[in-house]
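Novice: Below: one structure in structure tokens.
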Amino acid sequence: MEQFSQLKDRHSVVLMDELDQLMTSKQDVVYNFFNWPTLAGSKLVVLAVANTMDLPERVMSGRVRSRLGRPLSHGSLKEC
């Protein structure tokens with residue numbers, strides 16, 4: 001029981017690499033991953049990497065885009 005109490009305050013991080021390859025016509029998997037952190041009590045952080053800078057505008061449906069945080073712009077990536 002002591003081990004569980006130490007874990008309950010930790011967060012988990014999911015790194016979704018090649019996000020553009022995970023896109024399907026229904027986009028359910030991607031939506032569910034981005035929606036998960038918005039659920040009450042969730043301690044999940046989702047980081048997504050795509051090869052396409054305009055992926056949200058070009059490919060993602062509105063319901064998936066509504067779950068995104070602030071994507072990095074091309075300019076902000078150059079500054080890093």
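The values are calculated or read from the model by the stated rules, or taken from the named source; none is laboratory data. Only a predicted model underlies this, so the values are computations on that prediction, with no experimental measurement involved. No Cβ is skipped: glycine too gets one built from the backbone with ideal geometry, and neighbour counts run over all protein chains shown.
Novice: Please enumerate the residues belonging to the range 34-54 that are over 13 Å from the mean Cα position of the chain (by Cα) and under 21 Å from Thr24 (Cβ atoms).
Specialist: Residues satisfying the conditions are Asn51, Thr52, Met53, Asp54.
Novice: If you take the residues in the range 39-55 that are of a type in the set (S, T, N, Q) and more than 16 Å from Val13 (Cβ to Cβ), which one is modelled with the lowest pLDDT? Even if it seems obvious, please write down each step before you answer.
Specialist: Looking only at the range 39-55, we keep the residues that are of a type in the set (S, T, N, Q), and these are 42, 51-52.
Subset that is more than 16 Å from Val13 (Cβ to Cβ): 51-52.
Details: Asn51: 83, Thr52: 80.
It comes out as Thr52.
Novice: Right, next: Just give me the residues in the range 19-48 being surrounded by fewer than 11 Cβ atoms within 10 Å (Cβ to Cβ) and part of a loop (DSSP other than H, G, I, E, B), in sequence order.
Specialist: Residues satisfying the conditions are Thr24, Ser25, Lys26, Leu39, Ala40, Gly41.
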